[in-house]
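The values are calculated or read from the model by the stated rules, or taken from the named source; none is laboratory data. Every value quoted in this text rests on a predicted model; they were computed, and no experiment measured them. In this analysis, Cβ positions are derived from the backbone assuming ideal geometry, glycine residues included, and neighbour counts consider all displayed protein chains.
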Amino acid sequence: MWPVTREPAAVVFDLDGVLVDTEPAWDAVRRGLAAADGVPWPPGATQAMMGLNTQEWSAYLADVVGLRGDAASAAARTIAGLRSVYRTDLTAKPDAVAAIRRMGALAPLGIASSSPRILIETVVDVLGVTDLFSVVVSTEEVGVGKPAPDGYLEACRRLGADPAASIAVEDSGSGIRAAAAAGMLVVAVPDSFTRAAPATLTLAHAVLDSLADLDAELAIDLMSRRFPGQPDGLSSSPDTPDARI
């Protein structure tokens with residue numbers, strides 16, 4: 001039996017496109033590698049790699065895009081380029097750090113990201129929020145990237161949190177589908193680069209204009225909608241994602 005509480009058991013953030021504006025950098029670095037190797041950028045390649053873990057996107061770069069060398073080489077070159085960008089020109093999303101602090105005052109925090117762990121750690125270090133996250137999960141550690149739920153489920157497992165009583169904060173279509181498949185309460189903060197489809201956004205329990213709207217009132221309201229009918233707002237059966245904020 002999970003503890004009965006009005007607050008979420010955990011809040012798990014995606015990284016790229018949610019906390020930091022790094023999706024354009026990923027695209028620029030990858031396209032730059034293709035240009036350096038003299039190969040054209042295939043139509044749809046950017047979208048195809050969204051949500052994939054390191055093993056998956058590096059294999060795509062080697063096998064589909066045609067970068068020189070193998071997948072390991074493609075991964076190493078991409079990560080090196082991104083680390084350089086992050087250390088000199090990392091752009092946090094508006095209100096990202098404040099939202100992290102608000103949620104950290106409410107529940108244990110985690111990150112479930114398709115980025116390699118070394119890049120996740122670089123981001124939270126640059127943002128100055130390393131100590132606020134109890135758990136960091138890269139989907140390269142669970143064997144399959146988003147939209148599979150594995151990264152979110154592993155983050156909740158490490159946090160000791162019931163996924164049904166936990167909130168995921170996402171931007172992309174693959175991420176929203178992953179969090180929904182994990183059975184979590186999904187808060188979508190759409191990003192202009194990742195452009196989640198309207199049909200995918202219907203999987204979210206709340207769709208926000210910005211992280212400025214992610215606060216304790218919203219989190220507790222989502223919990224009360226999912227677990228109605230008891231004085232503390234909880235029952236034993238989760239809802240389906242039909243309530244929108």
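Values as computed for the structure displayed
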{"read-out": "Scope the range 164-176; condition touching a strand residue (DSSP E or B) at 6+ places or on another chain (Cβ under 9 Å), of a type outside the set (S, T, Y) and under 27 Å from A48 (Cα atoms); matching residues", "value": "I167, A168, V169, E170, D171, G175, I176"}
{"read-out": "Residue in the range 24-31 that is assigned to a helix (DSSP H, G or I), crowded, with 20+ Cβ neighbours inside 10 Å, in contact with a Phe, Trp or Tyr (Cβ under 9 Å, 6 or more places away or on another chain) and touching a residue at least 60 places away in the same chain (Cβ under 8 Å) present", "value": "no"}
{"read-out": "Meets criteria (part of a loop (DSSP other than H, G, I, E, B) and more than 25 Å from A165 (Cα to Cα)) for L82", "value": "no"}
{"read-out": "Count - residues of the range 42-58 that are buried (at least 18 other Cβ atoms within 10 Å of the Cβ) and within 25 Å of V136 (Cβ to Cβ)", "value": "9"}
{"read-out": "Conditions (1) within 16 Å of T122 (Cα to Cα); (2) in the same structural domain as P116 (by TED's automatic domain parsing); number of the one not met by D95", "value": "(1)"}
{"read-out": "Test: residue in the range 152-167 that is polar (S, T, N, Q), under 18 Å from T22 (Cβ atoms) and outside the structural domain of V85 (by TED's automatic domain parsing)", "value": "no"}
{"read-out": "Scope the range 1-23; condition in contact (Cβ under 8 Å) with a residue 12 or more places away in the chain and not hydrophobic (A, V, I, L, M, F, W, C); matching residues", "value": "T5, R6, E7, P8, D14, D16, G17, D21, T22, E23"}
{"read-out": "Condition check for G17: under 27 Å from R157 (Cα atoms), outside the structural domain of D209 (by TED's automatic domain parsing), small (G, A, S) and modelled with pLDDT under 95", "value": "no"}
{"read-out": "Members of the range 201-211 that are surrounded by 15 or more Cβ atoms within 10 Å (Cβ to Cβ) and under 20 Å from V97 (Cβ atoms)", "value": "L208, L211"}
{"read-out": "Residue match in the range 121-130 (condition: more than 19 Å from D27 (Cβ to Cβ), in contact (Cβ under 8 Å) with a residue 40 or more places away in the chain and in a helix (DSSP H, G or I))", "value": "yes"}
{"read-out": "Verdict on V39 being surrounded by 15 or more Cβ atoms within 10 Å (Cβ to Cβ) and modelled with pLDDT of 95 or more", "value": "no"}
{"read-out": "Selection from the range 40-56 of residues that are at negative phi and touching a residue at least 40 places away in the same chain (Cβ under 8 Å)", "value": "M50, L52, N53, T54, Q55, E56"}
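Yes/no per residue for (1) of a type in the set (G, A, S); (2) assigned to a helix (DSSP H, G or I); (3) buried (at least 22 other Cβ atoms within 10 Å of the Cβ):
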{"position": "V137", "(1), (2), (3)": "no, no, yes"}
{"position": "E140", "(1), (2), (3)": "no, yes, yes"}
{"position": "K146", "(1), (2), (3)": "no, no, yes"}
{"position": "E154", "(1), (2), (3)": "no, yes, no"}
{"position": "I167", "(1), (2), (3)": "no, no, yes"}
{"position": "I176", "(1), (2), (3)": "no, yes, yes"}
{"position": "V186", "(1), (2), (3)": "no, no, yes"}
{"position": "T194", "(1), (2), (3)": "no, no, yes"}
{"position": "A199", "(1), (2), (3)": "yes, yes, no"}
